[in-house]
Structures are given as C-alpha cells and as structure tokens.
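**Q** Below are the structure tokens for one structure; questions will follow.
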Amino acid sequence: GAVVSQHPSWVICKSGTSVKIECRSLDFQATTMFWYRQFPKQSLMLMATSNEGSKATYEQGVEKDKFLINHASLTLSTLTVTSAHPEDSSFYICSGEDRGLSFGYTFGSGTRLTVV
Amino acid sequence: QQQVKQSPQSLIVQKGGISIINCAYENTAFDYFPWYQQFPGKGPALLIAIRPDVSEKKEGRFTISFNKSAKQFSLHIMDSQPGDSATYFCAASGSPGGGADGLTFGKGTHLIIQP
C-alpha cells in the first residue's frame, strides 16, 4: 500500500527559530499533499492543501507567512514553521493523495513540535 | 462550523463486546467517508471507508453502516479487543482521486476496551 514518510518524528526548538518538516511519498506520487495540525486530545484540523508545482491553499485563520509549504515534486512536500512560538507547539501531520489511484488519503506518522 | 459531528466522545466496552461510534455530516457534497484509528503519538491509520452507493461495508471485525437520507454513518467493532483501545475519527470529503478537498474530521472517540 501507499506510504508517506514524515520526518522528524519530534523536534524541540527555541522560540524565534524555524523548523522544517518533510513528507515523502515512498511508493506513489502525491499529486496533492494536505497538512494538518492536531492539539492534544483534539481532532485534526486542515491547515493547507498543496498541489505539486503550485502555491499552497491555506485554510481560514492559518498564516501563510508563518507556515511555509513547498511541494516541489510529486514525492516531497515540506512545511516550515517560521519564527516559531510556544503556541505553535502541536502535532503536525501530512497526508498525500494520488489522484490516479484509490488509496484514499495516506497519512504520515506525524511530527511533535515543542517550542520552548 | 463543524461539518462532521461524532459521538460519543469516549466509550468503554468490555472485551468481546461491540463498540459503536456514530457520525453525522451536513455537507451533501461529501461522498467519501473513512474511519481512522489513531494511537498516541502516531498518525491516523485508515481502518475502513465507504462511499454513498452502498449502505454497509464490512472488513473483518469492522463494519461501516451508512444512511444517506439521514446523513449518518457509524462504525461497529465486533468482538472488541484490548488492542482496539485507541482514538477513532470519522471523516468525510469529496472522493479522493477526483478532487483535492482534504478531509473534514469528527472530534474523535476515545475507546477503551476493558479486559
């Protein structure tokens, strides 16, 4: 089946620094990559949608300048949290979709970001 | 606006019993309804999914029942086991492969199976 590899699995950074999270689709081409954020004991909230080679579409209330998304190839998408603050601490999860197949949405294993 | 309402928020079931989680949606454009299982610190894993052209789908111990007219769908876990203890999310979207809507998730159900 389809696999999305997400790294790092956890990261601790100082307030004001930037953190990059990578998601790679290993055995399929992720035409679209979705990025979600999940706070403890809460549901997943869609942050943004990116299509390969085009600008990401952000959900209402998500700052595009803070959460930079790059989807330069069909197998790699990155999320960079810029000038991170403690309130950005959360679990970030990517999900890839291959429009040519019916695997549904394949999720990465998530990244636990802690900003201190 | 919450487009997918999930209940109950938490559920305790005895080993061997049936776990039932319910979801209701509002957007009639939704036509793909998956259920995900999530363990602490892990990403969600697809359990089973259904499209509105069928009213029921069964895979092993997991069954989705779908009521299009009521805009409701539910997950039944038969012969529940302690290893099933996890958080379960229902979700909905336009069909994968035919659009790029992303998933709208319910708030989740924390399921505990007691030995």
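The values are calculated or read from the model by the stated rules, or taken from the named source; none is laboratory data. The structure presented is a predicted model; accordingly, all values stated were derived computationally and were not measured. Every residue, glycine as well, gets a Cβ built from its backbone with ideal geometry; the counts of neighbours run over all protein chains shown.
**Q** Which one is surrounded by the fewest Cβ atoms within 10 Å (Cβ to Cβ) among residues in region B:25-41 that are farther than 28 Å from B:Gln81 by Cβ and among the hydrophobic types (A, V, I, L, M, F, W, C)?
**A** For region B:25-41, the residue satisfying everything is B:Ala29.
**Q** Let me ask another. Restricting attention to region B:37-54, which residues are more than 8 Å from every other protein chain (Cβ to nearest Cβ) and either of a type in the set (Phe, Trp, Tyr) or part of a strand (DSSP E or B) (or both)?
**A** Taking region B:37-54 as the starting set, the residues that turn out to be more than 8 Å from every other protein chain (Cβ to nearest Cβ) are B:37-40, B:47-48, B:50-54.
Residues satisfying the conditions are B:Gln37, B:Gln38, B:Phe39, B:Leu47, B:Ile48, B:Ile50.
**Q** Quick test for you: out of A:Ser54, A:Ser15, A:Ser50, pick the one residue that is assigned to a loop (DSSP other than H, G, I, E, B), out of contact with any helix residue (DSSP H, G or I) (no Cβ under 9 Å at 6 or more places or on another chain) and over 22 Å from B:Gly41 (Cβ atoms).
**A** A:Ser54
**Q** Under 22 Å from B:Pro34 (Cα atoms), among the charged types (D, E, K, R) and exposed (fewer than 15 other Cβ atoms within 10 Å of the Cβ), is that true of A:Lys64?
**A** It is false that A:Lys64 is under 22 Å from B:Pro34 (Cα atoms), among the charged types (D, E, K, R) and exposed (fewer than 15 other Cβ atoms within 10 Å of the Cβ).
**Q** May I pose another question? Looking only at residues in region B:92-115 that are at pLDDT below 95 and outside any loop (DSSP other than H, G, I, E, B), which one is nearest to the other protein chains (Cβ to nearest Cβ)?
**A** B:Phe105
This table checks each residue for (1) among the β-branched types (Val, Ile, Thr); (2) under 14 Å from B:Cys90 (Cβ atoms); (3) modelled with pLDDT under 95.
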| site | (1), (2), (3) |
| --- | --- |
| B:Pro8 | no, yes, no |
| B:Val13 | yes, no, no |
| B:Ile18 | yes, no, no |
| B:Ala24 | no, yes, no |
| B:Thr28 | yes, no, yes |
| B:Tyr32 | no, yes, yes |
| B:Lys42 | no, no, yes |
| B:Leu46 | no, yes, yes |
| B:Ala49 | no, yes, yes |
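**Q** Within region B:8-24, can you find the residues that are loosely packed, with under 15 Cβ neighbours inside 10 Å and under 15 Å from the mean Cα position of the chain (by Cα)?
**A** Selection gives B:Pro8, B:Gln9, B:Ser10, B:Ile18.
**Q** Another question about this same structure. With respect to B:Gly83, determine if the residue is assigned to a loop (DSSP other than H, G, I, E, B) and of a type outside the set (A, V, I, L, M, F, W, C).
**A** Values: assigned to a loop (DSSP other than H, G, I, E, B): no; of a type outside the set (A, V, I, L, M, F, W, C): yes.
No.
**Q** Could you tell me whether B:Phe105 is more than 20 Å from A:Met47 (Cα to Cα), under 12 Å from the mean Cα position of the chain (by Cα) and crowded, with 17+ Cβ neighbours inside 10 Å?
**A** no
**Q** Which one of these does A:Cys23 not meet: (1) at pLDDT 95 or above; (2) part of a loop (DSSP other than H, G, I, E, B)?
**A** (2)
**Q** What number of residues in region B:4-35 are outside any strand (DSSP E or B) and not β-branched (Val, Ile, Thr)?
**A** Step one: list which residues in region B:4-35 are outside any strand (DSSP E or B), which gives B:8-9, B:15-18, B:26-31.
Within this subset, residues satisfying the condition of being not β-branched (Val, Ile, Thr) are B:8-9, B:15-17, B:26-27, B:29-31.
Counting residues in region B:4-35 that are outside any strand (DSSP E or B) and not β-branched (Val, Ile, Thr) gives 10.
**Q** Let me ask something else about it. Is at least one residue of region B:66-83 among the aromatic types (Phe, Trp, Tyr) and within 13 Å of chain A (Cβ to nearest Cβ)?
**A** no
**Q** Related question: Does any residue of region A:73-88 turn out to be loosely packed, with under 15 Cβ neighbours inside 10 Å and within 13 Å of chain B (Cβ to nearest Cβ)?
**A** No, that holds for no residue.
Residue by residue, here is whether (1) of a type outside the set (Phe, Trp, Tyr); (2) at pLDDT 90 or above; (3) within 18 Å of B:Ala92 (Cα to Cα); (4) not in a strand (DSSP E or B) holds:
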position	(1), (2), (3), (4)
A:Gln42	yes, yes, yes, yes
A:Met45	yes, yes, yes, no
A:Glu63	yes, yes, no, yes
A:Thr78	yes, yes, no, no
A:Tyr92	no, yes, no, no
A:Ser102	yes, no, yes, yes
A:Leu113	yes, yes, no, no
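**Q** Can you tell me which residue in region A:31-51 is surrounded by the most Cβ atoms within 10 Å (Cβ to Cβ), limited to those that are over 13 Å from the mean Cα position of the chain (by Cα) and within 11 Å of chain B (Cβ to nearest Cβ)?
**A** Per the stated criteria, the residue is A:Ser43.
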